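The values are calculated or read from the model by the stated rules, or taken from the named source; none is laboratory data. As the structure is a prediction and not an experimental result, all values here were calculated from the model. Cβ atoms come from the backbone with ideal geometry, glycine included; neighbour counts cover every protein chain shown. When the accessible area is computed, the model is the full protein with side chains, heavy atoms only, and any ligands, DNA or RNA have been set aside. Shrake-Rupley method; radii C 1.70, N 1.55, O 1.52, S 1.80 Å.
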Amino acid sequence: MTRASSPPWLAPTPEVGQALADGRPVVALESTIITHGMPWPTNAETARRVEAVVREHGATPATIAVMDGRIRVGLDDAQLEALARGEGAHKLSRRDLGTALAQGWRGGTTVAATMICAERAGIAVFATGGIGGVHRGGEHSLDVSADLHELGRTPVAVVSAGCKAILDIPRTLEVLETQGVPVIGYGCDEVPAFYTRHSGCAAPLRLDTPAQVAAAMHAQWSLGLRTGLLVANPIPEADAMPREEIEAAIEAALADADARGITGKDVTPFLLARVVERTGERSLRANVALVLDNARVAAAIATAYAERQAK
Ligand code: PSU
Ligand code: MN
């Protein structure tokens, strides 16, 4: 998937560029979770640990962000720290990318924007915490994350702990179905719900090994189906939260958001921060744990996919 000539705004590090040129496994990582998803300093620590987990499992990490008018594919430690500390970092989704590059903004890329950048760079596998989706009440507000439509139009496999529990999971699955996105329970029959392993929604598909996922990616894309895949990996049992505790925190956060009239791109960061406040950081620990586990699974899938492509 390497590209003969890259656009000037796409800036892979030499390490990432070399891994791609050699056909070695690379895992893309998003950065809105750093700029808007977690508080300092947990955000910086987690970003470093996620990269370390990808390396431990034999792949090269490529954290993607926009800095100095370029899409950075792989960050050095100083860039990562600046992004994590960064006051005024933008949250960049598909609609924002062109303007951000032209204006020289700094920003974290959402799942949607990271998928675009990964695909342009030639990276097939991407690890995140949880994707965006249909917000509760979305049938009235039409607040549906651009992540869902991106999955329907950009061929990258996204490893996530299901859909964020702050969302309307059944409606999120409906939109993914309409977009033609395979939602794959990874070793599970139920779509996981981010902080917990169970949502009550059956996983539309199930696969159990990295090789099976790699084979599905290959078959889907060689058929010309240029859609993403959502690999739903449940949070490790030991890190999962009691359902009632997280549900109560979410309900309260939703009421707060409503009372303050929070809308648009501010909804998800607001809800995540409120849930962390209300659970005394237990949800933050769970969030960190599930991101690390997704990085492990993504590295294994990227390795299996690279081996497949080398055949
Ligand atoms: N998962 C997390 N924390 C986050 C996000 C996902 O554990 O902060 C971010 C992702 O970048 C995702 C975005 O793409 O939230 C969704 O935002 P919205 O609902 O505005 O589309
Ligand atoms: Mn939204």
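Data for the structure
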item	result
Stokes-Einstein diffusion coefficient of the stretch 6-111, Kirkwood radius over Cα pairs, 37 °C, 0.692 mPa s, in µm²/s	238 µm²/s
Leu223-Glu87 pseudo-label distance in nm [points 7 Å out on the Cα-to-Cβ vector]	5.2 nm
222 nm mean residue ellipticity, helices alone, for the chain (DSSP H n ≥ 4; -39,500 (n - 2.57); rounded to 500)	-14000 deg cm²/dmol
Förster-model FRET efficiency, 30 Å R0, Asp258 and Arg95, C-beta, rounded to 0.05	0.75
Sequence-distant aspartates and glutamates (8 or more away, or on other chains) whose Cα lies within less than 15 Å of Lys265	Asp96, Asp143, Asp147
Area accessible to solvent at Arg153, 1.4 Å probe radius, in Å²	130 Å²
Area projected by the alpha carbon convex hull of the chain, averaged over all directions, nm²	14.6 nm²
Cα point-scatterer Debye curve for the stretch 228-287, base-10 log of I(q)/I(0) at q = 0.16, 0.27, 0.31 Å⁻¹	-0.58, -1.08, -1.21
Gyration tensor (alpha-carbon) shape descriptor, the stretch 211-311, a/c threshold 1.5	prolate
